[in-house]
Amino acid sequence: MKCCLDEGLDVVCFEREDDVGGLWNYSEDVKPGKGSVYKSCVINTSKEMSSFSDFPMPKHYPPFVPHHQMLEYFKQYMVNFKLEEYIKFGTSVENVTPADDYVTSGCYDVTTRRTEESQGSDTVTQRFDGVMVCSGHHCFPHVPSLPGLRQEFQGSVIHSHEYRRPEGYR
């Protein structure tokens with residue numbers, strides 16, 4: 001969003017959740033369609049490599065940042081560059097299609113739905129000159145099919161998407 005705004009583009013960001021941070025926004029609950037981290041997760045790249053070039057991570061952060069500080073960093077970035085006003089929280093993108101006149105206009109029709117029940121569930125379709133799909137690649141777990149895994153293996157089988165704490169695995 002920041003780079004698009006820097007280029008003078010009109011920006012609208014639809015965020016399904018009620019906050020920024022995506023998978024870094026830790027929750028004890030596993031939520032289908034939302035990336036997740038476990039309670040003790042720490043990034044595996046240094047804070048210098050993980051920082052935005054125009055907004056370094058705070059000097060007091062450790063070299064490898066825990067998930068809660070990564071989330072705080074994203075929130076600081078949003079506030080610093082006043083990005084919140086461009087984000088429509090609690091709004092799910094349901095459909096993106098080329099507009100009927102796409103050949104001449106190059107536009108897309110984007111259908112959204114409010115995710116909060118108190119907001120109603122009506123869908124709205126708006127036209128945009130361009131679309132960026134930034135859904136992340138951690139939203140849906142991929143579970144391979146291994147012959148005999150569920151029938152022969154006697155242990156617990158879970159995907160890392162479901163893992164939260166080490167209890168039960170020590």
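The values are calculated or read from the model by the stated rules, or taken from the named source; none is laboratory data. Here the structure is a predicted model, which is why all the values come from computation and not from measurement. Note: ideal-geometry Cβ built from the backbone for every residue, glycine included; neighbour counts use all protein chains shown. The area values use the complete protein model at the heavy-atom level, side chains included, leaving out ligands, DNA and RNA. Shrake-Rupley method; radii C 1.70, N 1.55, O 1.52, S 1.80 Å.
For the pair the stretch 136-170 and the stretch 37-99, the centres of their Cα atoms are 27 angstrom apart. The helix-based estimate of mean residue ellipticity at 222 nm for the chain, built from -39,500 (n - 2.57) per DSSP H run of four or more residues and divided by its residue count, is -4000 deg cm²/dmol to the nearest 500. Between residue 59 and residue 167, how high is the FRET efficiency from 1/(1 + (r/R0)^6) when r is the Cβ-Cβ distance and R₀ = 25 Å? Nearest 0.05. About 0.15, to the nearest 0.05. Extending 7 Å from the Cα toward the beta-carbon at both residue 50 and residue 10 defines two label points whose distance is 3.7 nm.
With all protein chains kept in place, the per residue accessible area of the chain amounts to 71 square angstrom at a probe of 1.4 angstrom.
Karplus-based coupling profile of the stretch 83-95, in residue order and whole Hz: 7, 4, 5, 9, 9, 9, 5, x, 10, 9, 7, 9, 7, with θ = phi - 60° in 6.51 cos²θ - 1.76 cosθ + 1.60 and x standing for Gly or Pro.
In the chain, the sites counted are chymotrypsin sites (Phe, Trp or Tyr not before Pro) in DSSP loop states with at most 10 other Cβ atoms within 10 Å, and the longest stretch holding none of them, exclusive of the sites, is 1-152.
The slack between residue 157 and residue 85, meaning 0.36 nm per residue of separation minus the straight C-alpha distance, is 21.7 nm. The longest stretch of the chain left intact once loop-based GluC sites (Glu not before Pro) with at most 12 other Cβ atoms within 10 Å are removed from consideration, loops following DSSP, is 29-115. Among the trypsin sites (Lys or Arg not before Pro) in the stretch 45-132, those placed in a DSSP loop whose Cβ has at most 11 other Cβ atoms within 10 Å are 59, 82. The structure-derived value of semi-axes √(5λ) of the Cα gyration tensor in Å appears in the list [x] 45, 15, 14; [y] 33, 25, 15; [z] 53, 13, 12 under the label [y].
Considering only DSSP beta bridges whose two residues both sit in the chain, what percent are antiparallel, to the nearest 5? Taking every DSSP beta bridge within the chain, about 85 percent pair in antiparallel fashion.
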